[in-house]
1. Calculate one ³J(HN,Hα) per residue across segment 235-249 by plugging θ = phi - 60° into the Karplus curve 6.51 cos²θ - 1.76 cosθ + 1.60, and present them in order as whole Hz with x for glycine and proline.
2. By how many nm would the segment from Asp51 to Arg197 lengthen if fully extended, with 0.36 nm per residue of separation less the alpha-carbon distance?
3. How much length, in nm to one decimal, is gained on full extension between Lys43 and Arg248, taken as 0.36 nm per residue of separation minus their Cα-Cα distance?
4. Return the lysines within reach of Lys246: Cα separation strictly under 23 angstrom, same-chain partners fewer than 8 residues apart disregarded; answer none if there are no such residues.
5. Please work out the FRET efficiency for the pair Gln273 and Phe332, using the Cβ-Cβ distance as r and a Förster radius of 22 Å; give the result to the nearest 0.05.
6. Using mean Cβ contacts within 10 Å as the protection proxy, how do 257-263, 52-58 order, highest first?
7. How large is ³J(HN,Hα), in whole Hz, for each residue of segment 283-294 in order, when computed from phi with the Karplus curve 6.51 cos²θ - 1.76 cosθ + 1.60 and θ = phi - 60°, using x for Gly and Pro?
8. Kindly write out, for segment 37-52 in residue order, the coupling ³J(HN,Hα) from the Karplus curve 6.51 cos²θ - 1.76 cosθ + 1.60 (θ = phi - 60°), rounded to whole Hz, with x marking Gly and Pro.
Amino acid sequence: MSDLQALETEITAAIEAAGDMAALEAVRVASLGKKGSVSALMKSLGGMSPDERKEMGPKLNGLKQTIGEAIAARTQGLRNAELEARLAEEKIDVTLPIRPESQGTIHPVSQVWDEVVQIFADLGFSVAEGPHIETDFYNFEALNIPPEHPARQEHDTFYFNPRDDGSRMVLRTHTSPVQIRTMETEEPPIRIIAPGRTYRCDSDQTHTPMFHQVEGLVIDETTHLGHLKWCLEEFCKAFFEVDEVKMRFRASHFPFTEPSMEIDIGCSWEGGQVKIGTGDDWLEILGSGMVHPKVISASGLDPEKYQGFAFGMGIDRIAMLKYGIPDLRAFFEADLRWLRHYGFSAFDVPELAGGLSR
Ligand code: DAH
């Protein structure tokens, strides 16, 4: 084997053996670099006789080219391997959940809101909505609360500045205005619930300036007090997830219902924790009654023909009762530790078939 062939074999072996770009570069410098072995041979051409040069010139050029090509091929090989390794390492399984653990929780108000909607949907109710900024007519007047009525004082209303005509908009103090709006726009039979935000200028352990209510309304030609009792009994059993709930229908007064009842549920206290359903204590959970004929006619329906019942319930309040949450104000403080403790998994969607709260 000639020296040149031996050199070629040696260098191409070194090229093949180079495990990374740095090693390959070292081989290139040692052969084709300024002081490399092949470059030194190229330089020696100058000192040769014309005949020698004629013979050696093409051979050396061939060697240089072979080595250059081998280096180029190895470079490509190393780059491909590098890319393969990166692709393998950075592989993403797109079928995995976005986060290994879900970080957020569903707020107890949202959870209870969904539970209430589920239960009443099962009883044939649909969900209605109304604006949070209301006129005096919808919030009071049409609900049989005229301007001088004492019930207005109890509502701690947030009023907006007077408009040009002197009238003032209010932040709705209850969800009852949705009753009027629904009767105005829908033909009986009507069967709706209206969950939503309500506002009163009040703040302590059990009151916040913004809170949540759910209104219920059933209007047709035959619905009576017995239906009201049955419906709310069914609701309480489903909501508190117990087979029997002791209930007390207590005579009361609301301007928009006649007769009116407040509903209490039986409970007992064990070690500071309330147990719903049985026991000798009572907890008030909602107001209700047969819709006042004046309210029906204020909504544009004929009270001689139509009748029905309505109820109103605090969503935050029943959330506190069901889930043993002591302070209402914490609901709206956005404290992550509180949310982690009292919140619900986003995957546990409340539904009657699978269990409301699991
Ligand atoms: N709107 C009442 C309140 O905020 C609650 C209420 C009571 C609503 C009786 C009703 C009802 O529909 O019939 O205090």
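1. After applying 6.51 cos²θ - 1.76 cosθ + 1.60, I find 4, 4, 5, 5, 5, 7, 6, 10, 6, 10, 10, 6, 10, 10, 9 Hz.
2. 42.3 nm
3. On the way: separation 205, 0.36 × 205 = 73.80 nm, distance 11.13 nm.
62.7 nm is the gain from fully extending Lys43 to Arg248.
4. Lys229, Lys237, Lys275, Lys322
5. Between Gln273 and Phe332 the formula returns 0.40.
6. Final packing ranking: 257-263, 52-58.
7. Each residue's phi maps through the Karplus curve to give 10, 6, 10, 7, x, 7, x, 7, 4, 5, x, 5 Hz.
8. Each residue's phi maps through the Karplus curve to give 5, 5, 4, 4, 5, 4, 4, 5, 4, x, x, 8, 6, x, 5, 4 Hz.
The values are calculated or read from the model by the stated rules, or taken from the named source; none is laboratory data. Computed from a predicted model, the values in this text were never measured in an experiment. We place every Cβ from the backbone using ideal geometry, glycine too, and count neighbours over all the protein chains shown. All accessible areas refer to the heavy atoms of the entire protein, side chains included, with ligands and DNA or RNA removed. Shrake-Rupley method; radii C 1.70, N 1.55, O 1.52, S 1.80 Å.
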